[in-house]
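So the structure is just underneath, and the comments pick up after that.
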Amino acid sequence: MEKINSINKICLTIQNSLNFKKYNLHEPIIGIEEKKYVNKCLNSGFVSSSGKMIDEFENEIKKITKSKFVISVVNGTEAIKISLVLAGVKFGDEVLVPSLTFVGSVSPIKHLGAIPHFIDSDLKNFGVNYNKLENYLKKNTFKKNKKSFNKKTGRVIRAIIPVHIFGHPCEIDKIVNLCKKYNIVTIEDAAEGLGSYYKKKHVGNFGLFGCISFNGNKIITTGAGGVVLTNNKKLASKLRHLTTTAKVNHPYEYIHDDVGYNLRMSNLNASLGLGQIQNFKKFLSHKKKLYSHYLKFFKNSEYFEFFKEPKYADSNYWLQTIVIRKKYQSYKNDIIKKLQEKGIGVRPAWKLISTLSPYKNYPSMSLSNAKKIYDSVINLPSGPGVKISLKK
Ligand SMILES: Cc1ncc(COP(=O)(O)O)c(C=O)c1O
């Protein structure tokens with residue numbers, strides 16, 4: 001009885017914070033600007049992977065992120081995959097990656113025949129746990145020929161993919177510097193992080209590459225799409241070449257000087273993105289206000305703690321998050337189920353990837369924090385259409 005009462009009270013608190021309205025987890029707003037740009041694209045006839053709007057979109061992302069080079073691709077997962085290829089990840093290499101992340105951080109490792117090596121999360125920012133990583137690398141690797149090897153498997157550890165979970169920056173400068181000492185290349189998964197800054201620098205600019213997604217549920221969308229950020233000119237031009245079938249410039253002949261990929265974002269997708277960018281600042285400010293709105297509702301709650309961003313971070317608050325207090329964590333699934341039945345798009349954090357059948361039995365450190373996050377976190381409706389009132 002006490003359980004049912006608590007679940008009812010928790011659900012009512014969440015419904016109340018939404019003024020008893022129904023919302024999906026994260027729905028985009030597609031308005032006049034978007035339609036204007038998409039129509040312009042349709043009228044131009046350039047709907048595929050050539051056209052000016054892709055270049056324009058890349059330039060807009062450059063302005064936001066201050067990255068020197070921005071290369072657009074078909075989605076965030078492919079952005080990570082092509083970055084791994086250019087980072088030199090080969091069949092049988094190990095790649096460090098959090099177990100608590102979206103599967104798109106991990107599947108590209110497997111696509112290349114490389115081995116995911118799972119690392120634990122940080123309770124403060126949900127990203128990679130720096131201290132644990134430092135101790136783990138010290139104990140579990142050896143160096144030879146300027147490479148780091150896993151003592152247990154004898155395989156080279158070639159790269160790491162830190163993820164800025166829910167848009168919250170992890171301790172990326174410390175992670176990059178640590179991994180440099182081990183000759184491990186950093187590819188930032190900033191899929192959720194457009195508009196997030198770590199010590200005033202946009203995420204995705206710390207590693208050799210940074211990858212952003214524009215899936216329909218992100219802060220801005222291109223329908224499907226992604227970009228790779230890099231500040232390395234040579235790698236940028238190689239990336240652009242490889243993602244556009246490695247075709248050599250020639251007035252009429254089809255000459256390809258490498259085995260390329262057909263990954264360039266379409267002009268049509270970019271046109272939607274250009275429309276969304278007109279509203280980017282508005283969406284970003286809405287997310288911060290939404291955070292304050294939820295904070296007011298859940299502050300001092302007997303049921304939840306509310307995530308607070310660390311001092312070094314300026315998060316885009318892509319997905320709003322509550323952390324259920326220990327006493328009530330066993331009710332998590334009931335709470336989610338009940339709220340979903342009421343038309344409220346809440347969801348749990350991702351199941352640890354290392355527990356899913358295609359990703360089992362790979363190397364891993366202990367994942368105690370990742371498990372704690374999975375057991376306690378619920379994401380709340382976070383889209384730009386969620387109405388905010390800052391009085392309670
Ligand atoms: C953390 C993370 N990594 C990777 C991806 C993959 O991006 P996409 O869906 O554009 O392939 C996403 C999002 O969808 C994500 O949230």
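Residues in segment 314-334 that are crowded, with 22+ Cβ neighbours inside 10 Å and at negative phi: Ser315, Asn316, Trp318, Leu319, Gln320, Thr321, Ile322. Restricting Val38, Val73 to residues that are farther than 30 Å from His117 by Cβ and among the aliphatic types (A, V, I, L, M) narrows the list to Val38.
In this structure, Lys35 does satisfy being loosely packed, with under 14 Cβ neighbours inside 10 Å, closer than 19 Å to Ile220 by Cβ and in contact (Cβ under 8 Å) with a residue 40 or more places away in the chain. Is at least one residue of segment 318-336 touching a Leu at 6+ places or on another chain (Cβ under 7 Å) and part of a helix (DSSP H, G or I)? Checked against the condition, which is being touching a Leu at 6+ places or on another chain (Cβ under 7 Å) and part of a helix (DSSP H, G or I), segment 318-336 yields no hits at all.
The selection criterion, being modelled with pLDDT of 95 or more and more than 9 Å from the ligand (Cβ to nearest atom), does not hold for Gly226. Take the residues in segment 172-195 that are acidic (Asp, Glu) and crowded, with 24+ Cβ neighbours inside 10 Å; name whichever of them is nearest to Tyr317 (Cα to Cα). Residue satisfying both the conditions and the ranking: Glu192. Restricting Val85, Val95 to residues that are of a type in the set (A, V, I, L, M, F, W, C), touching a residue at least 40 places away in the same chain (Cβ under 8 Å), surrounded by fewer than 21 Cβ atoms within 10 Å (Cβ to Cβ) and under 30 Å from Thr245 (Cβ atoms) narrows the list to Val85.
Pick from segment 99-118 the residues that are under 18 Å from Leu319 (Cα atoms) and crowded, with 24+ Cβ neighbours inside 10 Å: which of them is farthest from the ligand (Cβ to nearest atom)? Only one residue tops the list, namely Leu100. Remark: pairs (first residue in segment 363-387, touching a residue at least 24 places away in the same chain (Cβ under 8 Å); second residue assigned to a loop (DSSP other than H, G, I, E, B) and of a type in the set (Gly, Ala, Ser); Cβ separation under 8 Å; 6+ apart in sequence or on different chains) = Ser364/Ser99; Leu367/Ser99; Ala370/Ser99; Ile373/Ala349; Tyr374/Ala349; Val377/Ala349; Asn379/Ala349; Pro381/Gly345. Counting the residues of segment 146-205 that are more than 13 Å from the ligand (Cβ to nearest atom), within 30 Å of Gln276 (Cα to Cα), charged (D, E, K, R) and in a strand (DSSP E or B) gives 1.
Tally the residues that are part of a strand (DSSP E or B) and surrounded by 23 or more Cβ atoms within 10 Å (Cβ to Cβ), restricting the search to segment 119-145. Final tally of qualifying residues: 3.
Only one residue in Lys299, Lys338, Lys332 is out of contact with any helix residue (DSSP H, G or I) (no Cβ under 8 Å at 6 or more places or on another chain) and over 19 Å from Gly76 (Cα atoms), so which one is that?
That would be Lys299, the only listed residue that is out of contact with any helix residue (DSSP H, G or I) (no Cβ under 8 Å at 6 or more places or on another chain) and over 19 Å from Gly76 (Cα atoms).
For segment 12-32, the set of residues classified as over 28 Å from the mean Cα position of the chain (by Cα), touching a residue at least 40 places away in the same chain (Cβ under 8 Å) and at negative phi consists of Thr13, Asn16, listed by residue number. Here is the figure for segment 276-317: residues that are in a helix (DSSP H, G or I) and among the hydrophobic types (A, V, I, L, M, F, W, C) total 8.
The values are calculated or read from the model by the stated rules, or taken from the named source; none is laboratory data. If you're wondering where the values come from, they're calculated on a predicted model, not measured in any experiment. Methodologically, a virtual Cβ is constructed for each residue, glycine included, from the backbone with ideal geometry; neighbour enumeration extends over all protein chains shown.
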